[in-house]
Amino acid sequence: AKRIVIKVGTSTLTHSNGKLNLQAIDQLCYTLSGLVNEGKEVVLVSSGAIGVGLGILGLQSRPVAIPEQQAVASVGQTQLMTVYQQRFSVYGQKIGQILLTHDVVDYPISRQNALNTFENLLQLNVIPIVNENDAIAVDELDHHTKFGDNDQLSAIVAKAIGADLLIMLSDIDGFYDKNPRKFDDASLIDRVTEIDDATFKLAGGRGTKFGTGGMITKLKAAEIMLETKKAMVLANGENPSIIFKLLDGTNLGTLFM
Ligand code: ADP
């Protein structure tokens, strides 16, 4: 794979108390910088803004009111980018921020503008770091939209920029035949070639209080990739350097292809 989109979930980026997992972030930055040095084009879709914002503001859980959630996201997003900037710069890696709203799906001109930005950043060996523009896109936080969440957003971005592969890092080793947090006898499915209603029946909701989509949105993302005959891998992001192994062809996590 030459052009790769990597999506990291809140559960990978933050500890259960909401504080940033700096070790995981550092390893992620080290790994992605390494890929760029190998000549790959890398796009990072990063969740975590709300989790980080909650921590900074000393809040225990997501506020119910949307404007308050957006305020939390606003605080968290800038802190998140500050940390990425710091860690990536250690590895000599440049980054750019792209905050998207559905306009890029709904309006061809917005879409083309966004695509031009991606192409230019990639040409300059910059890693674009993408998130939904929470302050403007209300629905993301409400789970009612076209993007819905960063899982689907990452697949939409991967499809739009013609990425060969979407790597989704979560707090779980892959896709299981039932929710492994609830069932001890759940077993890992290492390859999924098509997604139908039966596949969705195996998926449960989010695992942690800071996680968002759970497995359903990850399957929807995989559906988008499969439609365009592109691959998605779901793997555990506890040690983000797992990406090197995945790209070496080591059988880890679940391959959707
Ligand atoms: P992230 O923050 O990485 O996006 P989520 O909490 O949104 O993580 O989604 C991952 C969670 O989905 C897992 O921790 C698990 O609890 C839950 N889950 C539900 N059904 C399944 C399944 N069939 N296989 C794996 N995980 C599942």
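The values are calculated or read from the model by the stated rules, or taken from the named source; none is laboratory data. Keep in mind that what you see is a predicted model, and the values were worked out from it rather than measured. Here Cβ is always computed from backbone atoms with ideal geometry, including for glycine, and neighbour counts include all displayed protein chains.
Overview of values
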| quantity | calculated |
| --- | --- |
| Candidates Ala73, Ala65, Ala49, Ala24, filtered to the one that is aliphatic (A, V, I, L, M), under 16 Å from the mean Cα position of the chain (by Cα) and farther than 30 Å from Asp164 by Cβ | Ala73 |
| Selection count, the range 61-81, where residues are surrounded by fewer than 16 Cβ atoms within 10 Å (Cβ to Cβ) and either among the hydrophobic types (A, V, I, L, M, F, W, C) or over 15 Å from Gly51 (Cα atoms) (or both) | 4 |
| Enumeration of residues in the range 178-187 that are near the ligand (Cβ under 9 Å from one of its atoms) and at pLDDT 95 or above | Ala186 |
| Tyr84 being under 18 Å from Val130 (Cα atoms), among the aromatic types (Phe, Trp, Tyr) and modelled with pLDDT of 95 or more | yes |
| Test: residue in the range 44-55 that is part of a strand (DSSP E or B) and in contact with a Ser or Thr (Cβ under 6 Å, 6 or more places away or on another chain) | yes |
| Residue ID - farthest from Leu234 (Cα to Cα), chosen from residues in the range 15-47 that are out of contact with any strand residue (DSSP E or B) (no Cβ under 6 Å at 6 or more places or on another chain) and crowded, with 24+ Cβ neighbours inside 10 Å | Cys29 |
| Residue identified as in contact with a Gly (Cβ under 9 Å, 6 or more places away or on another chain), closer than 15 Å to Leu153 by Cα and more than 9 Å from the ligand (Cβ to nearest atom) among Ala221, Ala163, Ala235 | Ala221 |
| Neighbours by Cβ (under 7 Å, 6+ apart or cross-chain): first from the range 6-35, among the basic types (Lys, Arg); second at pLDDT below 95 and more than 13 Å from the ligand (Cβ to nearest atom) | Lys19/Gly55 |
| The range 239-257, residues that are within 11 Å of the ligand (Cβ to nearest atom) and touching a helix residue (DSSP H, G or I) at 6+ places or on another chain (Cβ under 8 Å) | Gly253 |
| Failed condition for Leu122, given (1) crowded, with 16+ Cβ neighbours inside 10 Å; (2) farther than 23 Å from Ile156 by Cα | (2) |
| Exclusive hit being among the β-branched types (Val, Ile, Thr), surrounded by fewer than 21 Cβ atoms within 10 Å (Cβ to Cβ) and within 13 Å of the ligand (Cβ to nearest atom), set Thr199, Thr228, Thr193 | Thr199 |
| Check on Ser46, within 13 Å of the ligand (Cβ to nearest atom) and hydroxyl-bearing (Ser, Thr, Tyr) | yes |
| Filter pass, Ile6 being in a strand (DSSP E or B) and under 25 Å from Ala221 (Cα atoms) | yes |
| Tally, over the range 204-221, of residues that are modelled with pLDDT under 90, small (Gly, Ala, Ser) and in contact with a strand residue (DSSP E or B) (Cβ under 9 Å, 6 or more places away or on another chain) | 2 |
